[in-house]
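Presented below is the structure to which this report refers.
The values are calculated or read from the model by the stated rules, or taken from the named source; none is laboratory data. For clarity, every value in this text was computed on a predicted model and none was experimentally measured. So basically every Cβ, Gly included, is an ideal-geometry build from the backbone, and we count neighbours across all protein chains shown.
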Amino acid sequence: MRKDQCRQVECQGATIEYRLVRKPVKNINLRIRQELAVVVSANERVPLARVDAFVSAKGPWILKTLERLRSRPVMPALTANPSAAEKRACRMRFQRALERLLPHFTAFGVDMPELKIRTMKSRWGSCAYQKGTITLNSRLMHTPEECLEYVVAHELAHFIHPDHSPSFYGLLSRVMPDHRERKKRLESQGRIL
């Protein structure tokens, strides 16, 4: 059973608040979400003092990363109640990108996935390869075409490698040699909340 707990540590005169999630993991893991939340996952057997010490040791990096993220603009969502025309334009743009990139993956047995569009708070896209669907964040409508294509290629690659292994990135590099530059450009567009 997953247990969440809010904790704090002091570092360089600042207080770092983080959410500790207890789950069956091998290592202590730390993530900083785009909404500036610090999340640490650790096994139930790891003492709180050890988790706090881990976060404290990563404190300078956490503070620097939070400052960098705060300086990025927030990516706008589609309007609260998008019109039918706005929804149609978004779907058409995303579908065209999917159709352009799919031929790179059909040799691996990937069929046209069902496209879903939602406003998401912490991801640009997701892939449910078992269900044959890709979900794209509606905020991608505000990004350059190369950024949208990067997210689509990333999600299509998950149909072949459902992880972020070296094989996944090897495939992504073959299909889109400049994927790292595109990802940096996407990140420079702003953060999602």
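A few comments on the model shown:
- Region 72-87 - residue that is in a loop (DSSP other than H, G, I, E, B) and over 17 Å from the mean Cα position of the chain (by Cα) and, of those, modelled with the highest pLDDT: Ser83
- Filter pass, Ser165 being surrounded by fewer than 18 Cβ atoms within 10 Å (Cβ to Cβ), more than 13 Å from the chain's Cα centre (by Cα) and hydroxyl-bearing (Ser, Thr, Tyr): yes
- The residue of region 1-39 that is farthest from Thr65 (Cα to Cα), among those that are β-branched (Val, Ile, Thr) and not in a strand (DSSP E or B), is Val25.
- Scope region 40-71; condition in a helix (DSSP H, G or I) and in contact (Cβ under 8 Å) with a residue 40 or more places away in the chain; matching residues: Leu48, Val51, Asp52, Val55, Ser56, Gly59, Pro60, Ile62, Leu63, Leu69
- Test: residue in region 60-69 that is of a type in the set (Val, Ile, Thr), at negative phi and not assigned by TED's automatic domain parsing to the domain that holds Thr15: no
- Conditions (1) β-branched (Val, Ile, Thr); (2) modelled with pLDDT under 95; (3) more than 30 Å from Arg139 (Cβ to Cβ); number of the one not met by Val51: (2)
- Taking region 133-168 as the range and being acidic (Asp, Glu) and over 23 Å from Ser188 (Cβ atoms) as the test, only Asp163 passes.
Here is a yes/no grid of residues against (1) surrounded by 13 or more Cβ atoms within 10 Å (Cβ to Cβ); (2) closer than 20 Å to Lys87 by Cβ:
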position: Pro113; (1), (2): yes, yes
position: Lys131; (1), (2): no, no
position: Met141; (1), (2): yes, yes
position: Val152; (1), (2): yes, yes
position: His161; (1), (2): yes, no
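- Across region 109-126, the number of residues qualifying as within 20 Å of Leu186 (Cβ to Cβ) and acidic (Asp, Glu) comes to 0.
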